[in-house]
């Protein structure tokens, strides 16, 4: 039986490996690099479970992996199904490029995912943390403006809270992406599924915080949100990583009494607040292609406390 050949990737910062005879890099040119990296991670996990090339190419192995993930891990059903879908997508492309037969790829497609209802106890109640406006104000006001790092963090939080950008979009945001428009400001961004740049909102308050940070920053960089090196506050020209942005958000949200807050909860905050008055504007601000996506994933109607207090 052939063993899977795995070799370390050229960069030390990546956990990716190159598998024989193919891997998720087959999807180059079809998906954004960040999406390919996720597919690669899931495909590598499947390959390690398979243990050999013959097993990897057998759709029955994917079914056994599904059972393993359901029985031996605590992963949510959504995570398990995402991982299964990643393998299927790679196999479809492998068939298209002649690495395997279309019949073999079809066998992988026939492997069903797990039932969400069967593993519903694994879905976290706080998977989507709701942030109210008054709490968002507390979070965004928390950084110490007397410190250089506080100026950056205040600008970062205000941008997240008023733009609805994804972490990847914020991390790569450059100064030339800020545009003035009609007495206000917008951001030109290109998201994970965007071919062209689109407009995203930016509040005047966030713009002021950004300008204050850029004036005080002792280094020059095209990127707006740059990192700090070492244990102190030694400013760097490097853009912040997604992990660093997560840490900043988690730090100030925790101080405000919020647990398990993610940068995407800031995006959800913007979408929810805008959708209350104009669903179409919420869609445009978030860059969704379909209005249904905005309506499905963002809280529009909620029960008001005390609604049944005087029914009898």
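None of the figures in this text is laboratory data; all of them are computed from the coordinates on show. These figures come from a predicted structure and were not determined experimentally. All Cβ positions, glycine included, derive from the backbone under ideal geometry; neighbour counts span all protein chains shown.
Only Cα pairs under 8 Å and at least 6 apart count here; give the relative contact order of the range 6-122 as a rounded whole percent. Mind showing how you got there, number by number?
On the way: 119 pairs, mean separation 28.7, N = 117.
Once normalised by length, the contact order is 25 percent.
When 156, 53, 187, 151 are ordered from fewest to most other Cβ atoms inside 10 Å of their Cβ, what list results? Could the numbers behind the result be given before it?
Details: 156 29, 53 17, 187 25, 151 21.
Starting with the residue having the fewest Cβ neighbours, the order is 53, 151, 187, 156.
Please compute the length gained on full extension between residue 309 and residue 85, using 0.36 nm multiplied by the number of residues separating them and subtracting their Cα-Cα distance.
Details: separation 224, 0.36 × 224 = 80.64 nm, distance 4.66 nm.
Roughly 76.0 nm would be gained on extension.
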When volume of the Cα convex hull per residue in Å³ is calculated directly from the model, which label among [x] 191; [y] 164; [z] 128 fits? [x]
Order these by the 10 Å Cβ neighbour count, fewest first: 265, 260. 260, 265
Degrees, to the nearest 10: 263-275 long Cα axis against longest axis of the chain: 70 degrees
What is the angle, in °, between the Cα long axis of helix 59-72 and the longest principal axis of the Cα atoms in the chain? Nearest 10 is fine, range 0 to 90. 50 degrees
May I ask for the angle, rounded to the nearest 10°, between helix 148-163 and the longest principal axis of the chain, with both axes built from Cα atoms and the value confined to 0 to 90°? 70 degrees
Sorted from largest to smallest, which semi-axis lengths in Å does the alpha carbon gyration tensor of the range 133-297 give for its equivalent ellipsoid, taking the root of 5 times each eigenvalue? 25, 18, 14
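From Cα pairs below 8 angstrom and at least 6 apart in sequence, can you work out the relative contact order of the range 120-279, rounded to a whole percent?
Details: 216 pairs, mean separation 45.6, N = 160.
Contact order relative to length: 28 percent.
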Contact order relative to length for the chain, counting C-alpha pairs under 8 Å separated by 6 or more residues, stands in percent at 13 percent
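Would you list 310, 264 from fewest to most Cβ contacts within 10 Å?
310, 264
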Using 7 Å Cα-to-Cβ label points, what is the residue 64/residue 260 separation (nm, one decimal)? 3.4 nm
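Tell me what the chain gives for mean residue ellipticity at 222 nm when only DSSP H runs of n ≥ 4 count, each as -39,500 (n - 2.57), the sum divided by the residue total, rounded to 500 deg cm²/dmol.
Details: 13 runs with 148 residues, N = 312.
So the helix-based figure for the chain works out to -14500 deg cm²/dmol.
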In the chain the DSSP beta bridges are antiparallel at a rate, in percent to nearest 5, of 95 percent
